[in-house]
Amino acid sequence: MKNLFVLPVFAFGLLIGTQNINAQEVASTDNTEVATPIQEKYIDLAVENLPQPVLDAVAKDYAGATIEKAAAKEDASEFKLLIKQGEKEKEVFCDANGKWITKG
């Protein structure tokens, strides 16, 4: 009869003891940072609605190219253009004044 009482008490104690071990916090020495790129939101725009300085900049710096697609930030401070020159397509960024923006 004594063995019937000791075995469940021992099992219960073992169960409680392992729960505390699993709940301990593990200290991490890994201090690496994960860089998440911020994705900028652009709204599609008809090429005809681009500001004249942007159209002039494309005509001047990409002579003979056509603008395939255009998009703008919500505040129209920056434009994303997909231009095609011959068989090559290139994505470029420009501000509202026709100044080119380099994205890294």
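Taken together, the values in this text are just the output of simple stated rules run on the coordinates, not laboratory data. All figures in this text were calculated on a predicted structure; none of them were measured in a lab. Because the Cβ atoms are built from the backbone with ideal geometry, glycine has one as well, and the counts that use them run over all protein chains shown.
What FRET efficiency would be calculated for the residue pair Ile43, Leu82, taking the C-beta separation as r and a Förster radius of 25 Å, to the nearest 0.05? E(calc), rounded to 0.05, equals 0.95. Applying the Karplus relation 6.51 cos²θ - 1.76 cosθ + 1.60 with θ = phi - 60° to region 73-88 yields 3J(HN,Hα) values of 5, 4, 8, 6, 8, 8, 10, 10, 10, 9, 10, 10, 10, x, 9, 8 Hz, where x marks Gly and Pro. Of all lysines in the structure, the ones whose alpha carbon falls short of 20 Å from that of Lys80, not counting any fewer than 8 places away in one chain, are Lys41, Lys60, Lys69, Lys88, Lys90, Lys99, Lys103.
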